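Chemist: My questions will all concern the structure given below.
The values are calculated or read from the model by the stated rules, or taken from the named source; none is laboratory data. It should be emphasised that the depicted structure is a prediction, and the values quoted were computed from it without experimental measurement. Cβ atoms come from the backbone with ideal geometry, glycine included; neighbour counts cover every protein chain shown.
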């Protein structure tokens, strides 16, 4: 997207945009925060006044350009104002999660050379005070919520109000001082240090420039329509670079009205009050919302459940069909207005999603069925994918896209760097260059070099593929991929996660390692769902074993496998599968008590079936020791049929391309 707003085009930094907004539209609403049950509103002039006062106050405490300030707290206006204030002085910000320990904060302070701590409340102040005896680099600890802090007496402690009051006095004496600081800002100034999770070692601070923030905002706003004045709910932590892009940056550049909930525990109630236009949640938070709906329906009674099931079915038959590029049936289209009035509108309204034009999920993969559930409600939930080091890369765009993917490639604004390029290495790893680029890890040049190829491509570490329609499929981390005898790597997590969300498949175990030439699977069918399906289709059966080996059931499972195969590179596709002849049972050691597969045990127990799959047999006879519910021991004798998927996969692939 090429920005046309003069407040943005004439600016190189976020503080410069803030100054322009407060000058051109001082009385327009910028932020809203619920505190003590009352919504307080802040105009652009209000925000500038608070940012300017704090910035000059922090300078008065000794903060200089290029130095680091750590923010520890929830999403509250003071957190955002402090970030803009530090950047106004040319400083760099690191936001950390409120639940991080004193030990973790000490490491981050030492690594970033933090000069000032901005802490929300007593809990966060206590952590800073605890490490102050060990860490000698701090000039001050500034807090904005004084609850419980009245009796504290520490030489580094200052209140947000006292620091801002000193800043206002300086502004009264030197009315141009703040503007002079802001005007000195440049696009390549370091705005943030965004720390990695540290799963493979100590966290590393990714250097994020002002150019990076403008570039990523341009990518998002070019892919998703975010109109000026969009109401946005800030909820995900600013420690996550995605919120730095959405709440703190697009909030200024679009601009949006940024809404702050009263607290994390009040977010659901606040969403319903606000009915915002845009919000970004993590997959876990979207899954929690879905679980809330399902839990409420458990005790809703037969009539309400029947209405809910009908309304959601109509929603799926219209919204999900359109989303996946198919024309909904006339009967479903005719029922939709009634489903909207009786069910879907109320569902969205109760979740606070009645006006959500831009609902996004980011940070990790989410099951396609959760996406389908929200789309059936009429919420156009989209996925965004990226890496902190290189920025947001793909998003679901337009009216039709594949929910199994991470979306289509975003376009980078030429004003902020070269066009984004990507390639997939021989190992299947996504590599990226262009845009505002990878700024490196703070103070760790050797770690930075490890993440780049000799010709400057950033190595994401993600195993991916691109669909024929140009959408990105994330499979797994490269290090978690499994390798076949022919050297091909495949993503067991991707395959199992997606097949497990088929209503017909309860669990499964992929097969294929360095001793095998192709991928296959053993599948545990869902007896309850398939039993109903068989009855509705007049298919008689007697036991689980009988049902699992029915031709109709095998064909149905084959179609589900073929659907997922269509999303996979050819060498990763399941070529054969067999249905377990019995329900997997923790009492027999096949599952853990938390219902995770005991893979080694299963491969040993069903070794004859595995060999038959890889030996090309069409079926094999098994004798499996079983334990009955009354404790008696017995032997299950069954003939297990083995299915080939190749032809079905080719047909599914052609259908997905059409």
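Chemist: Among the residues that make up segment 232-249, is at least one of them assigned by TED's automatic domain parsing to the domain that holds residue 70, assigned to a strand (DSSP E or B) and more than 17 Å from residue 30 (Cα to Cα)? Working first, answer last.
Modeler: Keep residues of segment 232-249 that are assigned by TED's automatic domain parsing to the domain that holds residue 70, which gives 232-249.
From what's left, assigned to a strand (DSSP E or B): 232-233.
Still in the list and also more than 17 Å from residue 30 (Cα to Cα): none.
Within segment 232-249 (the criterion being assigned by TED's automatic domain parsing to the domain that holds residue 70, assigned to a strand (DSSP E or B) and more than 17 Å from residue 30 (Cα to Cα)), the answer is no, since none of the residues qualifies.
Chemist: Answer yes or no: is there a residue in segment 192-213 that is free of Cβ contacts under 8 Å to residues at least 40 places away in the same chain, within 19 Å of residue 386 (Cα to Cα), part of a helix (DSSP H, G or I) and touching a helix residue (DSSP H, G or I) at 6+ places or on another chain (Cβ under 7 Å).
Modeler: Our first condition is that a residue be free of Cβ contacts under 8 Å to residues at least 40 places away in the same chain; within segment 192-213, this holds for 197-201.
Adding the requirement that they be within 19 Å of residue 386 (Cα to Cα) leaves 197-200.
Now narrow it down to the ones that are part of a helix (DSSP H, G or I): none.
For segment 192-213, residues free of Cβ contacts under 8 Å to residues at least 40 places away in the same chain, within 19 Å of residue 386 (Cα to Cα), part of a helix (DSSP H, G or I) and touching a helix residue (DSSP H, G or I) at 6+ places or on another chain (Cβ under 7 Å): absent.
Chemist: Which pairs do you get when a residue that is outside the structural domain of residue 627 (by TED's automatic domain parsing) and modelled with pLDDT of 80 or more, found in segment 590-610, comes within reach of a residue that is part of a helix (DSSP H, G or I) and surrounded by 13 or more Cβ atoms within 10 Å (Cβ to Cβ), reach meaning Cβ atoms under 9 angstrom, with the pair 6+ apart or on two chains?
Modeler: Cβ pairs passing all conditions: none.
Chemist: Please give the number of the condition residue 19 fails out of (1) within 27 Å of residue 416 (Cβ to Cβ); (2) surrounded by fewer than 21 Cβ atoms within 10 Å (Cβ to Cβ).
Modeler: (2)
Chemist: Can I ask one more? Checking the structure you have, find out if any residue of segment 299-312 is surrounded by fewer than 16 Cβ atoms within 10 Å (Cβ to Cβ), without any contact (Cβ under 8 Å) to a residue 12 or more places away in the chain, closer than 17 Å to residue 377 by Cβ and within 29 Å of the chain's Cα centre (by Cα).
Modeler: Yes, segment 299-312 contains a residue that is surrounded by fewer than 16 Cβ atoms within 10 Å (Cβ to Cβ), without any contact (Cβ under 8 Å) to a residue 12 or more places away in the chain, closer than 17 Å to residue 377 by Cβ and within 29 Å of the chain's Cα centre (by Cα).
Chemist: Continuing with this model, one more query. I'm told residue 225 meets every condition in (1) in contact (Cβ under 8 Å) with a residue 40 or more places away in the chain; (2) surrounded by 14 or more Cβ atoms within 10 Å (Cβ to Cβ) except one. Can you identify the failing condition by its number?
Modeler: Failing condition for residue 225: (2).
Chemist: Restricting attention to segment 76-87, report how many residues are in contact with a helix residue (DSSP H, G or I) (Cβ under 7 Å, 6 or more places away or on another chain) and part of a loop (DSSP other than H, G, I, E, B).
Modeler: Of the residues in segment 76-87, 0 are in contact with a helix residue (DSSP H, G or I) (Cβ under 7 Å, 6 or more places away or on another chain) and part of a loop (DSSP other than H, G, I, E, B).
Chemist: Which residues, taken from segment 501-516, are out of contact with any helix residue (DSSP H, G or I) (no Cβ under 7 Å at 6 or more places or on another chain) and either surrounded by 16 or more Cβ atoms within 10 Å (Cβ to Cβ) or touching a residue at least 60 places away in the same chain (Cβ under 8 Å) (or both)? So that I can check it myself, show each step before the final result.
Modeler: Looking only at segment 501-516, we keep the residues that are out of contact with any helix residue (DSSP H, G or I) (no Cβ under 7 Å at 6 or more places or on another chain), and these are 506, 512-515.
Scanning segment 501-516 gives 506, 512.
Chemist: Considering only residues that are closer than 23 Å to residue 269 by Cα, free of Cβ contacts under 8 Å to residues at least 24 places away in the same chain and more than 30 Å from the chain's Cα centre (by Cα), which ones fall in segment 321-366?
Modeler: Across segment 321-366, the qualifying residue is only 341.
Chemist: Determine if segment 456-471 includes at least one residue that is under 27 Å from residue 205 (Cα atoms) and assigned to a loop (DSSP other than H, G, I, E, B).
Modeler: yes
Chemist: Name the helices (runs of 4 or more DSSP H) wholly within segment 481-579 that hold at least 2 residues that are touching a strand residue (DSSP E or B) at 6+ places or on another chain (Cβ under 8 Å)?
Modeler: Working: elements: 492-500, 527-536, 544-548, 551-565.
Output list reads 492-500, 544-548, 551-565.
Chemist: Sort through 522, 554 and tell me the only one that's closer than 15 Å to residue 574 by Cβ and surrounded by 20 or more Cβ atoms within 10 Å (Cβ to Cβ).
Modeler: Working: 554 fails: surrounded by 20 or more Cβ atoms within 10 Å (Cβ to Cβ).
Criteria check complete, one pass: 522.
Chemist: Only one residue in 45, 55 is buried (at least 18 other Cβ atoms within 10 Å of the Cβ), touching a helix residue (DSSP H, G or I) at 6+ places or on another chain (Cβ under 6 Å) and modelled with pLDDT of 95 or more, so which one is that?
Modeler: Numbers: 45 fails: buried (at least 18 other Cβ atoms within 10 Å of the Cβ).
The match here is 55.
Chemist: Scan segment 253-265 and give yes if some residue there is touching a helix residue (DSSP H, G or I) at 6+ places or on another chain (Cβ under 9 Å) and in a helix (DSSP H, G or I), otherwise no.
Modeler: yes
Chemist: Please pick out the residue among 428, 407 that is under 17 Å from the mean Cα position of the chain (by Cα), buried (at least 20 other Cβ atoms within 10 Å of the Cβ) and at positive phi. Steps first, answer last, please.
Modeler: Numbers: 428 fails: under 17 Å from the mean Cα position of the chain (by Cα).
Of the residues listed, the single one that is under 17 Å from the mean Cα position of the chain (by Cα), buried (at least 20 other Cβ atoms within 10 Å of the Cβ) and at positive phi is 407.
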